[in-house]
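Input: a single structure, listed below in structure tokens.
The values are calculated or read from the model by the stated rules, or taken from the named source; none is laboratory data. Just so we're clear, the structure is a prediction, and the values are computed from it rather than from any experiment. Virtual Cβ from ideal backbone geometry, glycine too; neighbours counted across all protein chains shown.
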Amino acid sequence: MSVTSDYLHKVIEDLPDNMRAEIIDGDIILNAATPFVRHAFVISHLRDAVGRVEGLIALEMTTVVLPATEDEFIPDLAYYSIEDLDPDVWLVPANALVMAVEVLSGKDNSPAARRDRKDKAYSYAASGVPLYLLVDQARKTVVLHSKPAYNAADAKRDRYSTLVQVPYGDSLQLPEPFNLTLDTGIFNN
């Protein structure tokens, strides 16, 4: 950890319980601890649709450390490999994360939308997270990012090599270890 990270962790630890904080590109981003109810509906519907997956656990409100970018995100929903988790820490290593889920609830062109669509996709890919699922309520689309691709010559070009975007109502295939077809119509409710 760097001196900056240590300082940011101190600030985060001193936040009131009704706030959550992420470190994105060296900045602390504060959000209310509880999102809009529609946001919670999306997470609930997704958890129900995916169900239990052998060897994984679905958790909310966990902080994942992304070593390639030194970012720390709190995915709206995270599917972790159970065997790679230490239940007694608050910072989870990226190598335990199988799929990060973010629900974009804000305005289409807001800073939060840019962070979810671009910054988080880049950081998750650069740190080798296999899957990143973005439920974009502003555009009524679901985007699955998969197959992180690395560019040794230019780390800023790290990205996911496969993107599948579907409008609400279409089916989306979630690959192994999920191996299921997701009906994205569930997000219309």
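Residue pairs whose Cβ atoms lie under 6 Å apart, separated by 6 or more positions or on different chains, with the first residue in the stretch 41-57 and hydrophobic (A, V, I, L, M, F, W, C) and the second loosely packed, with under 14 Cβ neighbours inside 10 Å, are Ile57/Ile82. Test Ser127 against the stated conditions and say whether it is more than 23 Å from Asn189 (Cα to Cα), surrounded by 18 or more Cβ atoms within 10 Å (Cβ to Cβ) and under 11 Å from the mean Cα position of the chain (by Cα). Considered against the rule, which asks whether it is more than 23 Å from Asn189 (Cα to Cα), surrounded by 18 or more Cβ atoms within 10 Å (Cβ to Cβ) and under 11 Å from the mean Cα position of the chain (by Cα), Ser127 comes out as no.
With respect to the conditions (1) hydroxyl-bearing (Ser, Thr, Tyr); (2) at pLDDT below 95; (3) crowded, with 23+ Cβ neighbours inside 10 Å, Tyr132 lacks only one, and its number is (2).
Right, Glu72: touching a strand residue (DSSP E or B) at 6+ places or on another chain (Cβ under 6 Å), among the charged types (D, E, K, R), surrounded by 21 or more Cβ atoms within 10 Å (Cβ to Cβ) and in contact (Cβ under 8 Å) with a residue 40 or more places away in the chain or not?
Yes; evaluated as a whole, the condition is true for this residue.
Here the condition is being outside any helix (DSSP H, G or I) and surrounded by 18 or more Cβ atoms within 10 Å (Cβ to Cβ); of Tyr122, Tyr160, it holds for Tyr160 alone.
Scanning the stretch 95-142 for residues that are touching a residue at least 40 places away in the same chain (Cβ under 8 Å) and touching a His at 6+ places or on another chain (Cβ under 6 Å) returns Val103, Ser105.
Of the strands (runs of 3 or more DSSP E) lying entirely inside the stretch 1-113, those containing at least 3 residues that are at pLDDT 95 or above are 56-59, 77-81, 97-104.
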